[in-house]
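The values are calculated or read from the model by the stated rules, or taken from the named source; none is laboratory data. These numbers were taken from a predicted model, which means no experiment stands behind them. When we count neighbours, we look across all protein chains shown, and the Cβ atoms used for this are built from the backbone with ideal geometry, even at glycine. For accessibility, only protein heavy atoms count, side chains too; no ligands or nucleic acids. Shrake-Rupley method; radii C 1.70, N 1.55, O 1.52, S 1.80 Å.
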Amino acid sequence: MGTTRHADPAVTTPPAPGPKETDGRTARRPLALRLLARPEVGVFLGAVAVLVFFLITAPPVRDGGSMANILYQSSTIGIMALPVALLMIGGEFDLSSGVAVITSALTASMISYQLTMNVWVGVIAALIVSLAVGLFNGWMLVKTGLPSFLVTLGTFLILQGANLAITKWVTGNVATDDISDMDGFGQAKALFASSFDVGGVQVKITIVWWLVFAALATWVLLRTKYGNWIFAVGGNKESARAVGVPVTFTKISLFMLVGFGAWFVGMHQLFSFNTVQSGEGVGQELIYIAAAVIGGCLLTGGYGSAIGPVFGAFMFGMVQQGIVYAGWNPDWFKAFLGVMLLGATLINLWVRRTATRR
């Protein structure tokens, strides 16, 4: 009798476990690359380098009073650079921001002095005017579709001429009258232009306001729906509109935020010096925009942070005062700033490319 042999069932040995395969979409990038992806990292490194440079070359910078003065200069730029940066993230920029500061100060001064009223009346009137200028810029932009460059260039020229003409017409001079002896001046000065003692060093209140505004702007950008709207309209406004983002409201409100910043800085200048020169402010808009660009904001919109312009403004203040403390010719200040702007832009470009490289 023949025997039947049954084949043993095949035994499959599982493969030895190996490293988990990932592709470029799922791989977790190293911490260094994730840090470089932050818009403010490049300018932070630049600010540290500039600080170290002047600490070495300009010994007076090491004094507490000198550093307080540097921070004060930085704050007067930084307060305006914050709303300008938010506007740039939203895809626009404002060439009228520099002269708008003077417009707000002139409005408050002339209304208070010429009408012999409490300075707070002038302060509130200046706020209304500043917000109206921002509203006009934003409304013209969204209703006409013109580039913000053209809209705000027109506003810049209007305000520049109006500042001089109206001041001469009302006061008979190119500067406003001294308002230091008017009702409410002391309270307004305490809010906008006072100082306090820290370890024997006088610190200007604008430094505190600068940091408060920076913290608030950071929270708005990163933690609120409005912050998402800003990034969305700056990236692609048509796509943003398609998903329900209120593009018109976002654009106009960003210009009004710049108006608010111009009002605040204008009030600081007025209550610091008691009077205002009507021809000032021209060229400051480029300083504000440059501080935002150095801080990592793109002119094309959709990218940036609120912390970056803080470091950008600090670099401006550091260079401006550091040149003086080092005993160098201050005529080189603008040339130094131009080199710094180009250098920071190239560094930010390199940082972004490095961060996004797989």
Can you find a residue that is more than 27 Å from PRO59 (Cβ to Cβ), in a helix (DSSP H, G or I) and open to solvent by 10 Å² or more (accessible area, probe 1.4 Å) anywhere in the range 319-336? no
Residue satisfying all of: in the range 85-127; assigned to a loop (DSSP other than H, G, I, E, B) and small (Gly, Ala, Ser); surrounded by the fewest Cβ atoms within 10 Å (Cβ to Cβ) among these: GLY91
Log entry, pairs with first residue in the range 158-171 being closer than 14 Å to VAL276 by Cα, second being among the aromatic types (Phe, Trp, Tyr) and part of a helix (DSSP H, G or I), beta carbons closer than 8 Å, six or more apart or on different chains, reads none
Out of the range 182-237, which residues are buried (at least 16 other Cβ atoms within 10 Å of the Cβ) and β-branched (Val, Ile, Thr)? VAL203, ILE205, THR206, ILE207, THR218, VAL220, ILE230, VAL233
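Restricting attention to the range 234-261, report how many residues are under 19 Å from MET140 (Cα atoms) and part of a helix (DSSP H, G or I).
Matching residues across the range 234-261 total 18.
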Given (1) crowded, with 22+ Cβ neighbours inside 10 Å; (2) at pLDDT below 95; (3) assigned to a helix (DSSP H, G or I), where does GLY281 come up short, assuming only one miss? (3)
Can you find, within the range 39-50, the residue that is nearest to LEU257 (Cα to Cα) among those that are in contact (Cβ under 8 Å) with a residue 12 or more places away in the chain and open to solvent by 50 Å² or more (accessible area, probe 1.4 Å)? PHE44
Could you identify the single residue in SER130, SER148 that is modelled with pLDDT under 95, crowded, with 16+ Cβ neighbours inside 10 Å and under 21 Å from the mean Cα position of the chain (by Cα)? SER148
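Could you please let me know if LEU82 is within 16 Å of PHE316 (Cβ to Cβ), open to solvent by 30 Å² or more (accessible area, probe 1.4 Å) and either touching a residue at least 60 places away in the same chain (Cβ under 8 Å) or not in a helix (DSSP H, G or I) (or both)?
When the stated conditions are applied, LEU82 does not pass them.
Would you confirm, using the coordinates I've provided, whether VAL208 is closer than 30 Å to LEU55 by Cα and touching a strand residue (DSSP E or B) at 6+ places or on another chain (Cβ under 9 Å)? First the steps, then the outcome.
Values: closer than 30 Å to LEU55 by Cα: yes; touching a strand residue (DSSP E or B) at 6+ places or on another chain (Cβ under 9 Å): yes.
Spelling it out, VAL208 is indeed closer than 30 Å to LEU55 by Cα and touching a strand residue (DSSP E or B) at 6+ places or on another chain (Cβ under 9 Å).
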Can you tell me which residue within the range 155-176, out of those that are crowded, with 17+ Cβ neighbours inside 10 Å and not aliphatic (A, V, I, L, M), is farthest from TYR72 (Cα to Cα)? THR171
If a residue must be closer than 21 Å to LEU191 by Cα and open to solvent by 60 Å² or more (accessible area, probe 1.4 Å), how many such residues does the range 239-266 contain? 2
Please go through the range 138-187 and pick out each residue that is small (Gly, Ala, Ser) and under 17 Å from GLU280 (Cβ atoms). GLY161, ALA162, ALA165, ALA175
